[in-house]
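Here's the structure, in structure tokens; my notes come after.
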Amino acid sequence: MKYMLLLNNESRDWDAWRALSPEEAQAAREEEIPKWDGLWAWMEQQGIKADGLELGDPAKARVVRVQNGETLVSDGPFAETKELLGGYFVADCKDLDQAIEFAERVPVASKGSVEIRPLVTH
Amino acid sequence: MKVLALIYGEEGRWDSATEEQRNEMYARYRAFGEEAGEKVLDGAELAATRSATTVRVRDGETQVTDGPFTETKESLGGFYLLDCSDLDEAAKLAAQIPGAATGAVELRAAAQ
């Protein structure tokens, strides 16, 4: 069963990261890297393969709507929420329990949240 | 650059759609996929938000709740991962996604 895991960071963390200089941002990112080692080791042990992507600043998002054949493009994220999407995984897990075990090992779960959504198979 | 296109729509409309309406929507998505070709790297339809589970870890304790992390009028129903030269090209492509006409498509560039 495939699941999408949506990694949501707190909006105030995005605000804090935005205030960092490029050097400070790089240092902050390097500090984060070891926190992910537990997840990578667990995935290898469980034989789970996943695709994923880290996303850039939600403030640079665009929202596209087509109404009456006209394309409307607006700046900023789709919704102003307390948490904003920072990345995702698509992982093949045995069941929801294993997807939850995956999610709790994602460092983002400790500060923001990880939303698990099953994929539809046709 | 890689751009994530998040497709939002009103779930109730999809729930109440007839099989014929759903097949028509799937046909439109297939047509978009064929038209976009190699610009689409990945994509999937998500099951309804009632099957969502949200996980948080606080003070070492895992908290699992049913449902999406936030309730919005339009909810995430699927995604494409696009390969575009910039967000302008991604916006042009996103306007062709059937969901842009029935809901909205949010574009998020990959981290640099």
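No lab work stands behind these numbers, since they all come straight from the coordinates. Since the model is a prediction, treat every value here as computed from it, not as a measurement. Virtual Cβ from ideal backbone geometry, glycine too; neighbours counted across all protein chains shown.
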(request) Can you put A:GLU31, B:GLU106 in order of Cβ neighbours within 10 angstrom, beginning with the fewest? (result) A:GLU31, B:GLU106
(message) Please give the Cα centre distance for the stretch B:44-112 versus the stretch A:83-101, rounded to the nearest Å.
(response) 13
(request) Provide B:THR65, B:THR102 in ascending order of the number of other Cβ atoms located within 10 Å of each residue's Cβ, fewest first. (result) B:THR65, B:THR102
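Rounded to two decimals, what is Rg over Rh for the stretch B:1-43 when you use alpha-carbon atoms and the Kirkwood radius? Walk me through the numbers on the way to the answer.
Working: Rg = 12.7 Å, Rh = 12.1 Å.
Reported Rg/Rh (Cα atoms, Kirkwood Rh): 1.05.
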(message) Below 26 Å, Cα to Cα, which lysines can A:LYS82 reach? Residues fewer than 8 away in the same chain don't count.
(response) A:LYS35, A:LYS60, A:LYS111, B:LYS2, B:LYS73
(message) Using a Gaussian network model on chain B with a 10 Å cutoff between Cα atoms, which of B:ASP59, B:ASP86, B:ASP42 fluctuates the most?
(response) B:ASP59
(request) Just need the relative contact order of chain A here, percent rounded to a whole number, with Cα pairs under 8 Å and 6+ apart. (result) 49
(request) Take the Cα gyration tensor of chain B, multiply each eigenvalue by 5, square-root it, and list the three semi-axes largest first, rounded to whole angstrom. (result) 26, 21, 11
(message) I need the P(r) histogram for the protein assembly as shown: all alpha carbon pairs, bin width 10 Å from 0 out to the longest distance, whole percents.
(response) 7, 32, 37, 19, 4, 0
(message) From zero outward in steps of 5 Å, how is the percent of C-alpha pairs of the stretch A:73-120 spread across the bins?
(response) 5, 17, 25, 21, 15, 11, 5, 2
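Please compute, for peptide B:54-67, the average count of beta-carbon atoms on other protein chains lying within 10 Å of each residue's beta-carbon.
Working: counts 10, 15, 11, 11, 3, 1, 1, 1, 7, 3, 6, 2, 0, 1.
Other-chain Cβ atoms within 10 Å of each residue's Cβ, averaged: 5.
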(request) Starting from one equal scatterer on each C-alpha and no solvent at all, send me the Debye-based log10 I(q)/I(0) for chain A at q = 0.19 Å⁻¹, two decimals. (result) -1.10
